[in-house]
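The values are calculated or read from the model by the stated rules, or taken from the named source; none is laboratory data. Predicted model, so just to flag it, every value in this text is computed and none were measured. Glycine gets a Cβ as well: all are built from the backbone with ideal geometry, and neighbour counts include every protein chain shown.
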Amino acid sequence: MTKPILSSALQRQFQELAANLIAGGFTSSKSWIMDAWRRAAAPEGNARLFRYWNSIVTAGGVAPAGRACLDAGCGAGTLTALLALAGAQRVLAVDIVPEALRVVQEVARCGKLHNIQVAQADVAELPPEQGSFDLVYSIEAISHYRDCRGFLKRVWALLAPGGILVIRDANNGANPATVRKTQEIWRAIEFGNPEGRCYTHPVRTDGFRGARRQILREALPELSDEQVERFADWTFGCNREQTIAAARRFAAGDLSARSEYRPGVCPVHPTEDMLCEQLFHPYRLAAEMRDVGFRVQVRAHLADRYPLADAVWGWLSPLTMRWSSAFVVVARKV
């Protein structure tokens, strides 16, 4: 088994940072961000989270110390923090959600991590002036990208020669059970669930359809209640601007932009403009990455609890991928 790259001393620093962050009155409007840092602050939760991140960093085969790193879709910022603590020369945390970047900035301030930078951007549109990177991580993020091909091309351009891209996602389209479950989640995301979740995935009680209704009422108060209901149904897969533009066309009698819910189609977050748990067949994704120019390895991936089991599971990927909820793709720029 490959020796883990991140040390136990780093784990203690990570837990201390999380504990100090929580003790300092840290808050976020996003419950999943708070959950991540509370877990990182608690001993048992920190141990599991650290093992998870260690397995991913180790999968890349390159230590972050002294290297330029990109966390593409940084979310709560726990990986960003670990890379910075591990001595990365710099870590650029990128997300389209402003609250995620505010949290990362608070983490950097609390931990005095001056090697952390943030950028609110679509990862497929990062400008060249961001510099080149040795390591790029896209962890539980690629399933939200609107332009996956654009992301792969942009990362290729931004990576230094020999640089590594690590992708990990739990939306394994090669696993039939995951496909069925994810498509149930898509329906709940679109139409809502009174319990506020589907499986373990949080969803709005009124769904994205309800979010589009709210957008229409606020942006186009001249619409009748009946029009709002109908137009919310007809703007499936639209972001805020697209929803408003389509509704104006509908009101004028032009229905050419009509888009209704279709089973098996991943919904789009109306306000944050990202896909929600898009499915990826890992071997097809790998083929697309090879087409861009990467040298690629694909592995089935377990959770964070049993490193030896995860290693064996990964070695047997041609057999285990069909039963694995998650996968890891490691790609080198050649």
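The rows are residues; the columns are (1) assigned to a loop (DSSP other than H, G, I, E, B); (2) touching a residue at least 40 places away in the same chain (Cβ under 8 Å); (3) within 25 Å of Phe231 (Cβ to Cβ).
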residue	(1), (2), (3)
Tyr261	yes, yes, yes
Pro270	yes, yes, yes
Val298	no, no, no
Val328	no, yes, no
Practice task
Look through Ala124, Ala84 and report the one residue that is free of Cβ contacts under 8 Å to residues at least 40 places away in the same chain, buried (at least 22 other Cβ atoms within 10 Å of the Cβ) and assigned to a helix (DSSP H, G or I).
Solution key: Ala84
Practice task
Please enumerate the residues belonging to segment 1-45 that are touching a Pro at 6+ places or on another chain (Cβ under 9 Å) and among the aromatic types (Phe, Trp, Tyr).
Solution key: Trp32
Practice task
Exactly one condition in (1) in a helix (DSSP H, G or I); (2) out of contact with any Ser or Thr (no Cβ under 8 Å at 6 or more places or on another chain) is not met by Leu113; state its number.
Solution key: (1)
Practice task
Please enumerate the residues belonging to segment 184-211 that are outside any helix (DSSP H, G or I) and of a type in the set (D, E, K, R).
Solution key: Glu195, Arg197, Arg204, Asp206
Problem - Candidates Gly77, Gly60, Gly111 - the one that is closer than 30 Å to Thr271 by Cα, among the small types (Gly, Ala, Ser) and not assigned by TED's automatic domain parsing to the domain that holds Arg204 - result: Gly77
Handout entry: Single condition Ala18 does not satisfy, out of (1) within 23 Å of the chain's Cα centre (by Cα); (2) surrounded by fewer than 15 Cβ atoms within 10 Å (Cβ to Cβ)
Key = (2)
Exercise for the section: Looking for whichever is without any contact (Cβ under 8 Å) to a residue 60 or more places away in the chain and outside the structural domain of Gln13 (by TED's automatic domain parsing) here; the options are Ala188, Ala93. Which one fits? Expected result: Ala188
Practice task
Select, from Pro43, Pro64, the only residue that is over 23 Å from the mean Cα position of the chain (by Cα) and more than 30 Å from Arg204 (Cα to Cα).
Solution key: Pro43
Practice task
Report whether or not Glu195 is closer than 29 Å to Ala40 by Cβ, touching a residue at least 12 places away in the same chain (Cβ under 8 Å) and surrounded by fewer than 21 Cβ atoms within 10 Å (Cβ to Cβ).
Solution key: no
Handout entry: Residue tally, condition surrounded by fewer than 18 Cβ atoms within 10 Å (Cβ to Cβ), under 21 Å from the mean Cα position of the chain (by Cα) and at pLDDT 95 or above, over segment 293-331
Key = 1
Problem - Scope segment 102-121; condition within 21 Å of Asn20 (Cβ to Cβ), among the aliphatic types (A, V, I, L, M) and surrounded by fewer than 21 Cβ atoms within 10 Å (Cβ to Cβ); matching residues - result: Leu113
Problem - So Ala252, is it among the aliphatic types (A, V, I, L, M) and surrounded by 14 or more Cβ atoms within 10 Å (Cβ to Cβ) - result: no
Practice task
Looking only at segment 4-13, decide whether some residue is among the charged types (D, E, K, R) and either assigned to a loop (DSSP other than H, G, I, E, B) or without any contact (Cβ under 8 Å) to a residue 12 or more places away in the chain (or both).
Solution key: yes
Practice task
Can you confirm whether segment 319-326 contains a residue that is under 25 Å from Val123 (Cα atoms), in contact with a strand residue (DSSP E or B) (Cβ under 8 Å, 6 or more places away or on another chain), in a helix (DSSP H, G or I) and touching a residue at least 60 places away in the same chain (Cβ under 8 Å)?
Solution key: no
Handout entry: Selected residue [without any contact (Cβ under 8 Å) to a residue 12 or more places away in the chain and surrounded by fewer than 22 Cβ atoms within 10 Å (Cβ to Cβ)] from Gly45, Gly66
Key = Gly45
